[in-house]
Amino acid sequence: DKGPYAHYMLKEIYEQPGVISETLEGRIHKGRLLEASFGHETTALLDKTKHVQIVACGTSYHAGLVAKYWLEEVGVGCSVEVASEYRYRKVVVPEGSLLITISQSGETADTLAALRDSCSKGYIGSLTVCNVPESSLVRESDVCFMTRAGTEIGVASTKAFTTQLVALRLLMIALARRKGLTPEEEETMVNELHSLPRQVEVVLELADKIQIMAEDFSDKHNALFLGRGAFYPVAMEGALKLKEISYIHAEAYPAGELKHGPLALVDETMPVVCALPDDPLLEKVLSNLQEVRARGGELFLFSDHKVNIGLDRYQSLTLADIYPGTAPIVYSIPLQLLAYHVALLKGTDVDQPRNLAKSVTVE
Ligand code: F6R
């Protein structure tokens with residue numbers, strides 16, 4: 001039942017504050033991670049974990065890419081790969097490596113095959129971040145860490161993605177503890193997560209403004225999404241959402257790669273979307289965007305109060321000040337809404353995009 005919403009995708013976008021709270025429920029309390037809730041088998045595996053290999057497809061792969069930035073920040077090495085490539089590569093597994101699969105459905109054929117093949121590869125064990133309790137990935141992994149997004153019907157994944165990021169952030173805090181995280185640092189990270197549902201609500205209130213932005217996309221054939229650091233995978237996810245439901249060709253690039261090729265594509269017909277929070281890479285991104293402006297590219301920016309954009313002609317939406325740890329989650333929301341409103345204007349089938357299936361159980 002879609003309730004008051006025109007599409008399941010929109011309903012699922014608006015369910016995010018609630019399902020993020022669900023995913024945090026019983027796992028954090030008063031500035032502490034409640035690790036006992038992970039189960040003894042999981043904590044025992046985390047004790048042995050020195051490195052993490054993440055394997056997933058599509059949107060779930062993008063969640064894994066964000067987690068890589070988080071894990072490496074606390075000193076845990078991490079590799080991330082799409083399952084369809086990982087499977088056919090001769091992988092060298094570092095000592096103490098934990099295999100993490102990420103999947104909404106738990107039935108994605110390549111991800112499942114990657115898990116099955118991993119038994120012979122020397123991992124210390126396998127953990128799945130998954131949304132469907134009775135799924136194959138849950139049954140066949142050593143341990144699971146469930147997202148609690150509820151049933152996701154829209155083919156374009158939204159609430160599954162943000163709850164995957166929440167789950168991965170919780171796992172990161174658990175691993176960080178083993179790397180000497182102080183109680184004060186833990187409290188900061190946990191409090192960021194605690195306030196996340198409210199932050200997402202605030203972004204959802206900007207929907208009308210995003211709808212207006214979307215008007216500039218409906219006659220476009222291409223779009224470029226830029227980001228640096230953990231916002232690069234956020235850009236990748238934004239581009240995937242736009243292409244799958246609006247059929248506009250969208251590509252994501254690390255902003256620093258612009259002058260190594262894609263800048264040649266930029267002219268007045270090319271919208272360039274960028275998440276631009278106040279973070280250590282801000283100045284670098286601004287200088288990349290300056291190059292886009294100099295070629296007449298139209299800029300669509302998502303930023304916060306602290307950022308002085310200082311460019312000519314751009315559209316921007318200012319998000320409330322947010323926390324660095326959870327910012328990639330918060331900045332994913334306006335990109336979901338942008339894709340949704342562009343698709344709506346183009347009149348495409350938002351919930352059932354052509355050629356796509358919700359669960360890819362064939363290779
Ligand atoms: C994109 C999308 C797909 C899935 C991918 C993996 O919106 O939904 O890219 O993310 O097919 O599916 P799961 O997460 O079920 O393994």
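Shape analysis of region 226-363 yields a ratio of the Cα radius of gyration to the Kirkwood radius, Rg/Rh, of 0.98.
Residues whose amide H comes within less than 5 Å of that of Cys144, counting only those at least five positions distant or on another chain, are Thr128 (H built at 1.01 Å from N in the peptide plane). From the largest down, region 119-251 spans 50, 39, 28 angstrom on the principal axes of its Cα atoms.
Taken one residue at a time, the phi angles of region 206-219 give Karplus couplings (6.51, -1.76, 1.60, θ = phi - 60°) of 8, 3, 4, 5, 5, 4, 5, 4, 4, 4, 6, 9, 5, 9 Hz. Gly and Pro are set to x.
Once the Kirkwood radius over Cα pairs is known for region 1-115, the Stokes-Einstein relation at 20 °C and 1.002 mPa s delivers a diffusion coefficient of 131 µm²/s.
Taking the Cα centre of region 241-355 as origin and charging only Cβ (+1 Lys, Arg; -1 Asp, Glu), how large is the dipole, in debye to the nearest 20? Intermediate results must be reported in sequence, preceding the final value.
Working: 10 positive and 15 negative charges, 34 e Å.
In debye, rounded to 20, region 241-355 gives about 160.
Amide H to amide H, with H built 1.01 Å from N, Val91 comes under 5 Å of no residue 5 or more places away or on another chain.
Think of the chain as having a plus end and a minus end, set by charges on the Cβ of Lys, Arg, Asp and Glu; of Ala235, Leu337, Cys130, Cys130 sits farthest toward the positive end of this dipole. Here the spin labels are modelled as points 7 Å beyond Cα on the Cα-Cβ line, and at Lys90 and Lys2 they lie 5.2 nm apart. Give, to the nearest whole percent, the P(r) tail of the chain beyond 32 angstrom, counting all Cα pairs. Every Cα pair in the chain considered, those over 32 Å come to 29 percent.
Roughly how big is the chain's charge dipole about its Cα centre, with Cβ charges of +1 (Lys, Arg) and -1 (Asp, Glu), in debye to the nearest 20?
Values: 35 positive and 48 negative charges, 120 e Å.
For this selection, approximately 580 debye.
Per DSSP H run of at least 4 residues, take -39500 (n - 2.57); add these up for the chain, divide by its residues and hand me the 222 nm value, nearest 500 deg cm²/dmol.
Working: 14 runs with 157 residues, N = 363.
Value at 222 nm, helices only, nearest 500: -13000 deg cm²/dmol.
Between the amide H of Ile54 and those of Ser79, Val80, Glu81, Ile100, distances stay under 5 Å, these residues lying 5 or more places away or on another chain, with hydrogens modeled in the peptide plane.
The residue list Val203, His221, Leu193 was ranked by how far each Cα lies along the charge dipole of region 182-231 toward its positive end, using unit charges on Cβ atoms, and His221 comes out on top.
My understanding is that a pair violates if its Cα-Cα distance is over 21 Å; which of Lys220/Lys241; Lys209/Lys284; Lys2/Lys159; Lys30/Lys68; Lys259/Lys284; Lys68/Lys209 do that in this structure? Provide the component values of the computation, followed by the final result.
Working: Lys220/Lys241 15 Å; Lys209/Lys284 27 Å; Lys2/Lys159 15 Å; Lys30/Lys68 26 Å; Lys259/Lys284 13 Å; Lys68/Lys209 32 Å.
As for pairs spanning more than 21 Å Cα to Cα, those are Lys209/Lys284; Lys30/Lys68; Lys68/Lys209.
Arrange the following residues from fewest to most other Cβ atoms within 10 Å of their Cβ: Arg177, Arg169. Please list the in-between numbers first.
Numbers: Arg177 18, Arg169 23.
Listing Arg177, Arg169 from fewest to most nearby Cβ atoms yields Arg177, Arg169.
Read the figures in this text as sums done on the coordinates, not as results from a lab. Given the structure is predicted, the values throughout are model-derived calculations rather than measurements. Note that we place each Cβ from the backbone using ideal geometry, even for glycine, and neighbour counts take in every protein chain shown.
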